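A quick write-up on the structure given underneath.
The values are calculated or read from the model by the stated rules, or taken from the named source; none is laboratory data. Every value quoted in this text rests on a predicted model; they were computed, and no experiment measured them. Positions of Cβ are backbone-derived with ideal geometry, glycine not excepted, and every protein chain shown enters the neighbour counts. Accessible surface is based on the protein model in full, side chains and every heavy atom, while ligands, DNA and RNA are left aside. Shrake-Rupley method; radii C 1.70, N 1.55, O 1.52, S 1.80 Å.
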Amino acid sequence: MSEHNSEAAISVRDLWKVFGPKPEELINSEDAKLPRAELMKKTGNTAAVVDVSFDVAPNEVFVVMGLSGSGKSTLVRCLTRLIEPTAGSVEILGEDILKVNTSRLRHLRRTKFSMVFQHFGLLPHRKVIDNIAYALEVNGVKKEARHKRAQEVIDLVGLTGYGQSYPEQLSGGMQQRVGLARALAVDPAVMFLDEPFSALDPLIRRDMQAEVIRLHKEVGKTMVFITHDLSEAMKLGDRIAIMRDGAIVQMDTPENLVAKPADAYVADFMRDIPKSHVLTLKSLARAPKPGEATDGPELDASTVIRDASPIIIQAGRPIRVASNGKPLGIVSSEDVLKLIAGEEQ
């Protein structure tokens, strides 16, 4: 087993989850490489998570995505031990949670990491403020202190004025805000979010995505976010892991996934994402051609091409691209048009 990264907030190594008889016999076996239908026919087993390893840095938003049945939800449930993995190790904040006893695991869930699911699971007979304060109540925090903290989180997630309402009086989007607030109330270092917005309609979903981005900037949590929605993954993720048949096919930044897909499966995933919305000037920067103007305005290499396009067109000449003051080359309006034309083919 490879070494854990001691600087990571989450460090996963050689993780497997096999459902069926004698699951341990499948670990690292030749049978594990069989297509799922063949594996089931031959052994009666389903390999839901297959030899997965990755690290998540502190304060990173790490997105896991894939089609239905790819293993992403099983993976996040293994990370939190809602499902017991068959093999491997999961270190959260330096502690291997697969080795801790039940009471320690309960303590970690109440204090160090929290979970937000698609189904909000709110207590219908409790007001919003008491739903949010519930984890603090379980932790033995006195009523005045837990209500004070719950009110802080209510304000943080944009629910000011709704603390005395009951869940049934709120819209789906507002109920999901309560779910987020409840997860934030204990001030966890790590948050696991399993398709939290997939039941919401598109406009509310977009609002909630913006809310997660805002909250992440304000409170800086490490987040593992599960989704099957590519645009959601692109919007939220610092890095994205794409799963297929229980394994991670490619793990990279949104920009690199679009620019350099590892195989046809990933390329097909990325097909509908406009490159100009994801790629930065760094990917287009090139050396000037003989006689080409090099006195245009300068933009940082991290600028997204879509945002740079109006400036390039207005300049009427190529712009200079630099990273930390170091020149990388130039980008012309023709370069941008060529990229956009390629998107439309």
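Highest mean first, how do 137-143, 326-332, 202-208, 289-295 rank when packing is the count of other Cβ atoms within 10 Å averaged over residues?
Final packing ranking: 326-332, 202-208, 137-143, 289-295.
Could you look at the chain and say what percent of its accessible area is carbon and sulfur, using a 1.4 Å probe and all protein chains?
Carbon and sulfur together cover 51 percent of it.
What does the net charge come to around I92 if you take all other residues with beta carbon closer than 15 Å to its beta carbon, with K and R at +1 and D and E at -1?
Here the charged neighbours net out to +4.
Enter the accessible area per residue of region 8-144 (Å², integer; probe 1.4 Å; all protein chains in place).
With all protein chains present, region 8-144 gives 48 Å² per residue.
Taking loop as defined by DSSP and a crowding limit of 12 other beta carbons within 10 Å, which trypsin sites (Lys or Arg not before Pro) in region 248-345 fit?
Filter output for region 248-345: R271.
Tell me which residues come under 5 Å, amide H to amide H, from A301 once H is placed; ignore anything under 5 positions away on its chain.
Distant-sequence amide H within range of A301: A322, S323, N324.
Given K17/K112; K260/K338; K42/K72; K22/K112; K289/K338, which pairs have Cα atoms separated by over 22 Å?
Listed pairs above 22 Å: K17/K112; K42/K72; K22/K112.
Which value, in Å², gives the accessible area per residue of region 183-286 when a 1.4 Å probe is used on the protein heavy atoms?
Per-residue value: 41 Å².
May I ask you to derive the FRET efficiency for R104 and D187 from their Cβ-Cβ distance with R0 = 22 Å, giving the value to the nearest 0.05?
After rounding to 0.05, the efficiency reads 0.70.
Taking loop as defined by DSSP and a crowding limit of 15 other beta carbons within 10 Å, which trypsin sites (Lys or Arg not before Pro) in region 28-125 fit?
For trypsin sites (Lys or Arg not before Pro) across region 28-125 that sit outside H, G, I, E and B with at most 15 neighbouring Cβ atoms in 10 Å, the list reads K99.
Which whole-percent values make up P(r) of the chain when all C-alpha to C-alpha distances are grouped in 20 Å steps starting at zero?
So the P(r) values, bin by bin, are 26, 49, 23, 1.
Classify region 231-276: rounded, prolate or oblate, from the alpha-carbon gyration tensor (a ≥ b ≥ c, eigenvalue square roots; a/c under 1.5 rounded; otherwise prolate if a/b is larger than b/c)?
Cα axes put region 231-276 in the oblate bin.
Expressed as a rounded percentage, what relative contact order does region 136-181 have, with Cα pairs under 8 Å and six or more residues apart?
Relative contact order of region 136-181: 37 percent.
Please work out the FRET efficiency for the pair I213 and K42, using the Cβ-Cβ distance as r and a Förster radius of 51 Å; give the result to the nearest 0.05.
0.65
Normalising by the residue count of the chain, find the relative contact order in percent from Cα pairs under 8 Å and 6+ residues apart.
Reported relative contact order: 17 percent.
Using the beta-carbon distance between K148 and E95 and R0 = 45 Å, what value does 1/(1 + (r/R0)^6) give for FRET efficiency, to the nearest 0.05?
0.95
Give me the net charge for the shell around S165: Cβ to Cβ below 13 angstrom, other residues only, Lys and Arg +1, Asp and Glu -1.
Surrounding charge for S165 is +1.
Based on the alpha carbons, how large is the Rg to Rh ratio for region 86-203 when Rh follows Kirkwood?
1.00
Could you sort I248, I132 by their accessible area in this structure, using a 1.4 Å probe and putting the largest first?
I248, I132
Taking K and R as +1 and D and E as -1, what net charge do the other residues with C-beta under 10 Å from the C-beta of P297 add up to?
Here the count lands on 0.
Given Cβ point charges of +1 (Lys, Arg) and -1 (Asp, Glu) and nothing else, what value in debye, to the nearest 20, does the dipole of region 162-223 about its Cα centre take?
180
Jot down the radius of gyration and Dmax of region 178-217, Cα atoms only, both in angstrom.
10.6, 29
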